[in-house]
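**Student:** Here it is: the structure, laid out below.
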Amino acid sequence: MRFLRRNADDTAIAETPESGDGLAEPLDRARTAAKGKATPKRREAQARRSGPVPPPPRTQREAFKRMRGNKVSKEERRAAATERRQRMMAGEDKYLLPRDRGPVKAYIRDLVDSRRNLMGLFMPLAILVFVALLTPSLAVQRYATLATTFMLIAMVIEGLVLGRIVTRKVRAKFPTEPIKGLSIGWYSFIRASQLRRLRVPKPRVKPGEAIK
């Protein structure tokens, strides 16, 4: 009985590698079947891991957030911010805010900057009224309020006239563009009500210069 059991065990042991070889062969075939493509290069593997390239930032705030995420130094952030500011002031369309981009907006700015507008005194007038209200003299406050009222009325009238002139010229210059008179008039009014040296981007034409 022992000899028979030993022979059975030996037979089982002998049959085990054969069954193992039978299973290993399809596994090896499955492994080799997956191959057939060239091994990806290091650059391609890094590009797959990093993902697609993000689009450029649309606003300055988005650029700041992206720079903070990249953990750059303060000097690099200041240098990048200074460069963006200079290019924005120069009028490069890529670095302007969305409301200031495009040839239509550039033409509106040239039309406004070529005129001498009374609306450019809006900020100094507001400061003058604030100082007049702080004075104890009622006569000064009364005259300042009266002068401010007339100035504001004149500025509103000038803004309406300027908006109509600019809208007419823009429609003649860009006949295929969808022009909205209210939007152009408001953009012209905001531009004209700012001091010339504080306008962004900087004026590229001189006062009195003819704009075609």
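**Student:** Considering only the range 106-157, state which residues are open to solvent by less than 50 Å² (accessible area, probe 1.4 Å), part of a helix (DSSP H, G or I) and touching a residue at least 60 places away in the same chain (Cβ under 8 Å).
**Tutor:** Result: Tyr107, Ile108, Arg109, Asp110, Leu111, Val112, Asp113, Met119, Gly120.
**Student:** For the range 205-212, indicate whether the set of residues that are free of Cβ contacts under 8 Å to residues at least 24 places away in the same chain, surrounded by fewer than 14 Cβ atoms within 10 Å (Cβ to Cβ) and assigned to a helix (DSSP H, G or I) is non-empty.
**Tutor:** We begin by selecting, within the range 205-212, every residue free of Cβ contacts under 8 Å to residues at least 24 places away in the same chain; these are 212.
The next check asks that each one be surrounded by fewer than 14 Cβ atoms within 10 Å (Cβ to Cβ); those that pass are 212.
If we keep only those that are assigned to a helix (DSSP H, G or I) too, we end up with none.
No, every residue in the range 205-212 fails to be free of Cβ contacts under 8 Å to residues at least 24 places away in the same chain, surrounded by fewer than 14 Cβ atoms within 10 Å (Cβ to Cβ) and assigned to a helix (DSSP H, G or I).
**Student:** Just for the range 158-188: of the residues that are polar (S, T, N, Q) and part of a helix (DSSP H, G or I), which one is most open to solvent (accessible area, probe 1.4 Å)? Break it down stepwise before answering.
**Tutor:** Going residue by residue through the range 158-188, those that are polar (S, T, N, Q) are 167, 176, 183, 188.
Those left that are additionally part of a helix (DSSP H, G or I): 167, 183, 188.
Values: Thr167: 15, Ser183: 65, Ser188: 0 Å².
Among those residues, the one meeting the criterion is Ser183.
**Student:** Under 19 Å from Gln194 (Cα atoms), charged (D, E, K, R) and under 25 Å from the mean Cα position of the chain (by Cα), is that true of Arg115? Lay out the reasoning, then the answer.
**Tutor:** On the way: under 19 Å from Gln194 (Cα atoms): yes; charged (D, E, K, R): yes; under 25 Å from the mean Cα position of the chain (by Cα): no.
It is false that Arg115 is under 19 Å from Gln194 (Cα atoms), charged (D, E, K, R) and under 25 Å from the mean Cα position of the chain (by Cα).
**Student:** Still on this structure, please answer the following. From the residues in the range 195-204 that are surrounded by fewer than 17 Cβ atoms within 10 Å (Cβ to Cβ) and not hydrophobic (A, V, I, L, M, F, W, C), which one is nearest to the chain's Cα centre (by Cα)?
**Tutor:** Within the range 195-204, the first condition is being surrounded by fewer than 17 Cβ atoms within 10 Å (Cβ to Cβ), and the residues that meet it are 195-198, 200, 202, 204.
After this cut, where a residue has to be not hydrophobic (A, V, I, L, M, F, W, C) as well, the list is 196-197, 202, 204.
Details: Arg196: 25, Arg197: 24, Lys202: 19, Arg204: 23 Å.
Checking each candidate, the answer is Lys202.
**Student:** Turning to a different aspect of this structure: Filter the range 83-105 down to the residues that are among the aliphatic types (A, V, I, L, M) and touching a residue at least 60 places away in the same chain (Cβ under 8 Å) and list them by number.
**Tutor:** Let us first name the residues in the range 83-105 that are among the aliphatic types (A, V, I, L, M), namely 88-90, 96-97, 104.
Those that are among the aliphatic types (A, V, I, L, M) and touching a residue at least 60 places away in the same chain (Cβ under 8 Å): Met88, Met89, Ala90, Leu96, Val104.
**Student:** Could you list, in sequence order, all residues of the range 78-96 that are hydrophobic (A, V, I, L, M, F, W, C), under 18 Å from Arg109 (Cβ atoms) and surrounded by 13 or more Cβ atoms within 10 Å (Cβ to Cβ)? Steps first, answer last, please.
**Tutor:** We begin by selecting, within the range 78-96, every residue hydrophobic (A, V, I, L, M, F, W, C); these are 79-81, 88-90, 96.
Right, trim to under 18 Å from Arg109 (Cβ atoms) and you get 88-90, 96.
Matches in the range 78-96: Met88, Met89, Leu96.
**Student:** In the range 183-193, which residue that is within 23 Å of the chain's Cα centre (by Cα) and of a type in the set (S, T, N, Q) is modelled with the lowest pLDDT? If you could, list the steps in order and put the result at the bottom.
**Tutor:** Step one: list which residues in the range 183-193 are within 23 Å of the chain's Cα centre (by Cα), which gives 183-184, 186-188, 190-191.
Narrowing further to those that are of a type in the set (S, T, N, Q): 183, 188.
Working: Ser183: 91, Ser188: 94.
Result: Ser183.
The values are calculated or read from the model by the stated rules, or taken from the named source; none is laboratory data. Computed from a predicted model, the values in this text were never measured in an experiment. We place every Cβ from the backbone using ideal geometry, glycine too, and count neighbours over all the protein chains shown. All accessible areas refer to the heavy atoms of the entire protein, side chains included, with ligands and DNA or RNA removed. Shrake-Rupley method; radii C 1.70, N 1.55, O 1.52, S 1.80 Å.
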